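Engineer: Sharing a structure here in structure tokens format.
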Amino acid sequence: MANLYKSSLQRATFFLTGFQGLEGLHGWISIPFCFIYLAVILGNLTILHVIRTDEPMYYFHEPMYYFLGMLALTDLGLCLSTQPTVLDIFWFETREIGIPACFTQLFFIHTLSLVESSVLLSMSIDRYVAICNPLRYSTVLTPVRIVKMGLRSVLRSALLILPLPFLLKRFQYCRSHVLAHAYCLHLEIMKLACSGITVSHIYGLFVVASTVDMDSLLIFLSYSVILCTVLSIASHQERLRALNTCVSHICAVLLFYIPMIGLSLVHRFGEHLPRIVHLLMSYVYLLVPPLMNPIVYSIKTKQIRQCIIKKFQFIKSLRCFWKD
């Protein structure tokens, strides 16, 4: 009996949802999504390429750019986790997804979201050490220690999310198998189960409280200390210079946490809101941070901006050379 149930579970499918009522316009709707996905991929690959190939930047500001590379990799992975199912719906109206594939996508989406939260915390520690204890900056944040911090972030996130698919696999899904989004999320799938979900619900709350909530609290505390340190600096110009080094990271934090909070509020209190609002908020949460982070760091970080300009000038000079 158990084997029969297991085999039926493997063959079962969920049905993903695009923009209901606008199925005839899915081809047109896919155009901005394609541009967004392309911009996310190109933007984050550009950041990674600049960090990897520009030796003065890579060796002189190593700690900060290690973390920026981690953030770009995480954003790239988060984008690629949702891209196949979203574009399949818009282009081919492929709404079915097998339970194993759905749970795999769920694992990567939630794991990478937790990794991004952890990387943002690591970047706040980087800013804290750089401003509050600059003389020990290079000795505290050594390359080995930074790599260990990155590995811990990935392991922590993966190990905390790993039980979720197994908890969901134990449930019987006798209700509708239609999901509200174009990708699989833990909370949505859990609501479709007709068996007891108390354990899964409590564990999900524990994961959020021990990662995202804790990370956001520590980021807030680190910036409180940073602000106190900056305000104690006598020179107004030096205060502005110190704060300016934090602007990019603060923008990245806001881009990550504001959509997350907005999506939580919409799910909790927005039952009366149109369905499209829920859909747009979910896409904003998963696509806006990977889209905007490369833009913010390219604009606000002088070294990255200069390197990108140099590379474009080099490409332009090559074109002129071959034309001549």
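Every read-out reported here was derived from the displayed coordinates using simple, explicitly stated rules and does not represent laboratory data. The model shown is predicted, which means the values in this text are computed figures rather than measured ones. With ideal geometry, Cβ positions are generated from the backbone for all residues, glycine too; neighbour counts draw on all protein chains shown.
Engineer: Report, by residue number, each residue of segment 200-226 that is aliphatic (A, V, I, L, M), more than 21 Å from the chain's Cα centre (by Cα) and within 17 Å of Leu159 (Cα to Cα).
Structural biologist: Residue satisfying the conditions is Ile202 alone.
Engineer: Only one of (1) of a type outside the set (A, V, I, L, M, F, W, C); (2) out of contact with any Ser or Thr (no Cβ under 9 Å at 6 or more places or on another chain); (3) over 23 Å from Leu73 (Cα atoms) is not met by Arg145, so which one is it?
Structural biologist: (3)
Engineer: Does any residue of segment 156-171 turn out to be surrounded by fewer than 18 Cβ atoms within 10 Å (Cβ to Cβ) and among the β-branched types (Val, Ile, Thr)?
Structural biologist: no
Engineer: Find the residue count for segment 242-300, including only residues that are touching a Leu at 6+ places or on another chain (Cβ under 7 Å) and of a type in the set (Gly, Ala, Ser).
Structural biologist: 2
Engineer: Among the residues of segment 239-282, which ones are aromatic (Phe, Trp, Tyr) and touching a helix residue (DSSP H, G or I) at 6+ places or on another chain (Cβ under 8 Å)? It would help to see each step written out before you state the result.
Structural biologist: If we filter segment 239-282 for residues that are aromatic (Phe, Trp, Tyr), which is where we start, we get 256-257, 269.
Across segment 239-282, the qualifying residues are Phe256, Tyr257.
Engineer: Restricting the search to segment 85-142, which residues are in a helix (DSSP H, G or I), without any contact (Cβ under 8 Å) to a residue 12 or more places away in the chain and more than 24 Å from the chain's Cα centre (by Cα)?
Structural biologist: Of everything in segment 85-142, those that are in a helix (DSSP H, G or I), without any contact (Cβ under 8 Å) to a residue 12 or more places away in the chain and more than 24 Å from the chain's Cα centre (by Cα) turn out to be Phe92, Pro134, Leu135, Arg136, Thr139, Val140.
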